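Peer 1: The structure that follows is given in the form of structure tokens.
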Amino acid sequence: MSESNTGAADTGPFAEQQRLFKLLSQDTRHLIIQELLGHPAHLMSLAELEYMVGKSQAAIKDQLETLIEAGLLAQYTYEPSKEKRDLPSQFYGFTEHGVEILYDYKYLRGLPIARALYENTRKTEKIERHEAAPRPDLPAAVKDALTFDEPNLESVNQSGDQ
């Protein structure tokens, strides 16, 4: 019998780490997390995720549900856009528990790289419209955890001129 049939893997001292590693390492979930880290607001519509991840909405929805059930993500609603057809009102973003897990697993170190990759990806007009859409606020603890200092390029350029 395998460990998964006996339940032994679910009760060992590293069971939680194994569960989280499996959760974070699945290809589509990993891409969703990376894209959310790179997004300027860290909140993305399903259409944005579909475009950036390159998977079907059905595949993305399945993995979003898994990440929501695990407490890493939440669905956030921007009420004023609910009745507007051209603007999204539903967004996905991290929870406080989610950013704690990402911190523990060193994902937050990659914020500047994820942002650079996101910003340098060519987007369609529809995705740019979604990206510019108003969004709800993330919880303060989540917002603070996902904030990083942008490099000051003026000081780099000035020192290079001397």
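The values are calculated or read from the model by the stated rules, or taken from the named source; none is laboratory data. Just so it is clear, the model here is predicted, and its values are computed rather than measured. Don't worry about glycine lacking a Cβ; one is built from the backbone with ideal geometry, like all the others, and counts go over all protein chains shown. The area values use the complete protein model at the heavy-atom level, side chains included, leaving out ligands, DNA and RNA. Shrake-Rupley method; radii C 1.70, N 1.55, O 1.52, S 1.80 Å.
Peer 1: Run the numbers for residue 154 and residue 30: contour at 0.36 nm per residue of separation, minus the present Cα-Cα distance, in nm.
Peer 2: Using 0.36 nm per residue and subtracting the Cα-Cα distance, I get 41.2 nm.
Peer 1: Oh, and also: In what order, largest first, do 149, 104 sit by accessible area if the probe radius is 1.4 Å?
Peer 2: 149, 104
Peer 1: Related question: On a 0 to 90 degree scale, rounded to 10, what angle separates helix 27-38 from the longest Cα axis of the chain?
Peer 2: Tilt of helix 27-38: around 30 degrees.
Peer 1: Leaving ligands and nucleic acids out of the surface, order 33, 68 by accessible area at 1.4 Å, largest first.
Peer 2: 68, 33
Peer 1: Could you grab the relative contact order for the stretch 77-155? Cα pairs under 8 Å, six or more apart, rounded to a whole percent.
Peer 2: Result for the stretch 77-155 is 42 percent.
Peer 1: Going down the list 106/126; 82/126; 106/143, which pairs span over 24 Å between their C-alpha atoms?
Peer 2: 106/126
Peer 1: Could you work out the relative contact order of the chain, using alpha carbon pairs under 8 angstrom and six or more residues apart, expressed as a whole percent?
Peer 2: 24
Peer 1: Moving on. With each label point set 7 Å from Cα along the Cα-Cβ vector, what nm distance links residue 14 and residue 83?
Peer 2: Roughly 5.6 nm, to one decimal.
Peer 1: Now for a different question. Can you give me the % of accessible surface on the chain that is carbon or sulfur? Probe 1.4 Å, all protein chains present, nothing else counted.
Peer 2: Reported share for carbon and sulfur atoms: 49 percent.
Peer 1: So, one more: Give me D for the stretch 1-131 in µm² s⁻¹, whole number, from Stokes-Einstein with Rh from the Kirkwood sum over alpha-carbon pairs, 10 °C and 1.306 mPa s.
Peer 2: 100
Peer 1: Shifting gears a bit: Probe of 1.4 angstrom, ligands and nucleic acids ignored: what's the accessible area per residue over the stretch 42-162, in square angstrom?
Peer 2: For the stretch 42-162, the per-residue accessible area is 62 Å².
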